[in-house]
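Shown next, in structure tokens, is the structure this report addresses.
The values are calculated or read from the model by the stated rules, or taken from the named source; none is laboratory data. Because the structure is a prediction, the values reported are computed rather than measured. Cβ placement follows ideal geometry from the backbone for every residue including glycine, while neighbour counts extend to all protein chains displayed. These area figures cover heavy atoms from the full protein model, side chains too; ligands, DNA and RNA do not enter into them. Shrake-Rupley method; radii C 1.70, N 1.55, O 1.52, S 1.80 Å.
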Amino acid sequence: MTRDLIDLMHANVEARERSIAGIQPADGTLAVTARRVRRKRAVRRTLQSGGVAALAVVLGGASWFGLRGHEEPAPALTPTSSPTPSATPSPTPSATAAPVVLDEIPGLPPTQALPPGLLERTTPGWVLTIHRPEVPWDGRGLQPGPVRHTVVLVSPTGDRYRVVDLPLDRSVTVLHWDAGSTTAVVTIFGTGGLAEGSEARAELDLTTGTLTPTPVDLGEYAGGPHYVGLAADGAELWSTATSTDAYTADVYRRTDDGTLELVGGMGMLAVLDAEGKWLATDDGLDGGFAILDVVHGGRTELDFGVPGRSCDVVGWAEARSLLALCADADPEGMDYPPRRNATLYRVDVSGASTRTTELQRFPDDEPYPAMWRGSSLGDGRVAFEMVSRGGDACLAGTSLWDGARVVPLQDGGDTMFSTAAVGGVVFVAAQPSCQEAGRTDLTAYDLASGSSVVLAPEPAPTVDVPEWAIGLETWAVAGEHGGAHY
């Protein structure tokens, strides 16, 4: 497999630094900076053999893609207000209810107070977001730093409810949240001296804001442990590095009582299927990949079946079938964009054998799918970011494999993306500049109706703060099995 040497050097340095320091940065400011750097590296790693471990259509309605021929790509979508996505209905007010007056709080999108019992009534497709808007240093005398740290619940229609406020001296990443639950599993990054208070795993009480550390006893080797995703039976999946460069790791299941069970070995790159049953990983194999059964255990080494080409997994198409991207092999192992003759394949797995089918080739001057980051809808359709040509470390947008071709979903440019998929809805977070930690918006695309809705817009400018830094910090969709979204 080809790899970005520069990025590997970054990963190696980071791993060694964190091993020496016990994952504690030298001071609080560095902890925040390192978190932003990790965001940039997540983008760069999509451009080598793939992205950071994740973890990934024949449409019911034709309003997006219509009946266009394969030779004419569909235009990127412009988010619009829309009806509730059909797969995830939400409580709606009666026809006689008075209009809701939203609160305009600096740094937050328009929100309203959380009605009693709404958390318990949520269903898959609702989204839990955490906003931590920061005032940037702009030389105008304003005190830089976060002004709020607020959890916001968002319905599939884009209704936003303030849930609880969190401490400003912590940065919290939501790992997963179950529909109907009043708690969420999170990671805490401390911002005080020596990152005091950092925890790989903690539980957030969404009714009080209380953060309760619940350690994962896997040590802190090479910056671990890391959350991988949620297995189909509800067990959490965690990895811990087994090499100083963090290129190999072991995957563990964490059950409700905190018990850890070894699943098997993985590499730096991995992606979980839509149901949380199978984890595909690179694991450093010579031209192949491996699949781990994360429910029952077991590991199978496989070959892509495309001799003479360099291949990586894009994401899961459906159970036991993946999308893979293969390109001309780079004998020096320095294949930074552009990839030559990049081609999308479907790889069907049966036992220890594969059957590979060519799907679509990408011209050498056009973007191609990012590897190891695809969000599966579980029915053959996959959403993924598109890698820009030219080596600028930015992404060109988000697209869908619809079962017959790749079609644009959201336009890009100098932008960083992440995706999720639940119940026929694709969630796309976009950051306007991949060169720095900027403001992020989150949009939901209902594939059945062809509608879209902005769930979390960028924070609006104010007289005192004409441009915010950050805003939406992290998000999790109820019903998703994949990893955390930054």
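Here is how the numbers come out for the structure above:
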| item | result |
| --- | --- |
| Carbon/sulfur fraction of accessible area - region 248-308, other protein chains in place, 1.4 Å, % | 45 |
| Region 359-486: Cα Rg divided by the 2.2 N^0.38 Å rule of thumb | 1.08 |
| Charge sum, other residues only, whose C-beta stays under 13 Å from GLU275's C-beta, Lys/Arg counted +1 and Asp/Glu -1 | -4 |
| Translational D in µm²/s for region 146-216 (Stokes-Einstein at 4 °C, 1.567 mPa s, Kirkwood Rh from C-alpha pairs) | 101 |
| Average accessible surface area per residue within region 371-451, 1.4 Å rolling probe, Å² | 22 |
| Nitroxide proxy distance, nm - points 7 Å out along Cα→Cβ at ASP365 and THR212 | 6.0 |
| Simple spin-label estimate for LEU168 and ASP414 in nanometres, 7 Å along Cα-Cβ | 3.0 |
| 14 Å beta-carbon shell around VAL349, net charge (K/R +1, D/E -1) | -1 |
| Rounded accessible area per residue of region 225-341, 1.4 Å, Å² | 36 |
| Carbon plus sulfur fraction of accessible area for region 343-486, probe 1.4 Å, in percent | 46 |
| Summed side-chain charge close to PRO367 - residues other than PRO367 whose Cβ falls under 10 Å, Lys, Arg +1, Asp, Glu -1 | -2 |
| Full-stretch length increase - ASP233, LEU262 - with 0.36 nm per residue and alpha-carbon distance subtracted | 8.9 nm |
